[in-house]
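Some notes on the structure that comes next.
Only the coordinates and a few stated rules stand behind these numbers; no lab work does. Source: prediction; values computed, not measured. Every residue, glycine as well, gets a Cβ built from its backbone with ideal geometry; the counts of neighbours run over all protein chains shown.
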Amino acid sequence: MNSPLLEFTDTGIYCSRADIYLDPWKPVKRAIITHGHADHSRYGHGAYITHHKNVPIIRHRLGEISVTGVEWGESFSRNGVQFSLHPAGHIVGSSQVRVSYKDEVWVFSGDYKTEDDGLATPYENIPCHTFITECTFGLPAFKWLPQEEVFKDINHWWSQNKSEGKTSVLFGYSLGKAQRLLKHLDTGLGTIYTHGAIENMNEVIREITHLPPTVRITRDTEKQELTGNLVLAPPSAHGSPWIRKMVPYVTATASGWMAFRGARRRRAVDRGFVLSDHCDWQGLLSSINASGAEKVICTHGYSEIFSRYLSEQGYDARTAETQYEGELAEMGNSSTEVDEETLAAGD
């Protein structure tokens, strides 16, 4: 019996015929990388292949590495296996990987979302026989509002805080979420200040695409400069000595996990905005349906529940273990707590 085109190993997703890995979590000779988040692009590989917009991002994170950048849809081959990268819509430079050999086509979606955020290249549907999908938010309880509504709420929150003489501190991942927030904040309300970790990444992203102006917070930044304005910071800054300079301030987090009742309280923030760079339940289902795939392999997230649902719908679906996290690390809670909140959200 022939081995499958892609296999799940202890090192990563492996194409043995081409001797190349997709987003491996252990060092390998050759790796195709979907995007710049740490769980998908790790240090130590001999050679990296990724979309050219992701090259400066992973070089910023990993240092001097041997990396080749390719364009969307550009085909490259090894030992008769054809590979190409296609937009995943997750963050800037994020890709899906199309793998084909003879008449068989697989797609590894990496992390993806179907809503066009105006920053990442929008998600592209790719016909295939087997589709490897994340399941970070693979529960019916997750249903995102259009981002225009979310950003209207965020900007209104900032405006209200400003009228009360308070600084608005908004938490989001340094790569991806922070730039998406920045793209849609109303700069007419005031100045957007940034934590150093976010501003360092902004400088990289600005070489790729346009972002609104920001001001880096330094030791010389005075408290009165921040009052009434907005500060973008990574979640790790919450509760740190760094944030004391913002007093009086109001905090908020932008995350898909804010759909859970109790998530805002557990994070000790004043406000939660439901905004994710991953698909919701319907986005996952529509993507799989559009692919035409008969076989679906479900990875990180609610893979067991999602796979079971797909099987009931007639798909040949199964799960596979990986070391990808999606936004699970951002949640910062045990799976038990997540399950309890899921039940509450589904009431």
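Of the residues Ala237, Ile198, Thr214, the one whose Cα sits farthest towards the positive end of the charge dipole of region 147-273 is Ala237 (charges of +1 on Lys and Arg Cβ, -1 on Asp and Glu Cβ, taken about the Cα centre). Projecting the Cα atoms of Phe142, Ile13, Asn161 onto the charge dipole of the chain (Cβ charges, centred on the Cα centre) puts Asn161 farthest toward the positive pole. For Thr322, the residues 5 or more places off, or on other chains, whose built amide H falls under 5 Å of its own are His300.
Phi angles of region 112-122 translate, via the Karplus equation with coefficients 6.51, -1.76, 1.60 and θ = phi - 60°, into HN-Hα couplings of 8, 9, 9, 7, 6, 8, x, 10, 6, 4, x Hz per residue; Gly and Pro are given as x. Residues whose amide H comes within less than 5 Å of that of Arg261, counting only those at least five positions distant or on another chain, are Ala345 (H built at 1.01 Å from N in the peptide plane). In terms of packing, defined here as the mean over residues of other Cβ atoms within 10 angstrom, the peptides 237-250, 21-34 line up highest first as 21-34, 237-250. Measuring against 21 Å, Cα to Cα, the residue pairs Lys113/Lys183; Lys102/Lys295; Lys53/Lys177; Lys152/Lys183; Lys29/Lys177; Lys177/Lys245 contain Lys29/Lys177; Lys177/Lys245 as the ones spanning a longer distance. Shape index of the chain: Rg/Rh, with Rg the Cα radius of gyration and Rh the Kirkwood radius from the inverse mean 1/r over Cα pairs, equals 0.98. With the Kirkwood sum run over all distinct C-alpha pairs, region 147-273 has a hydrodynamic radius of 14.6 Å. Ranked by the mean number of other Cβ atoms within 10 Å of their residues, highest first, the peptides 113-122, 167-176 come out as 167-176, 113-122.
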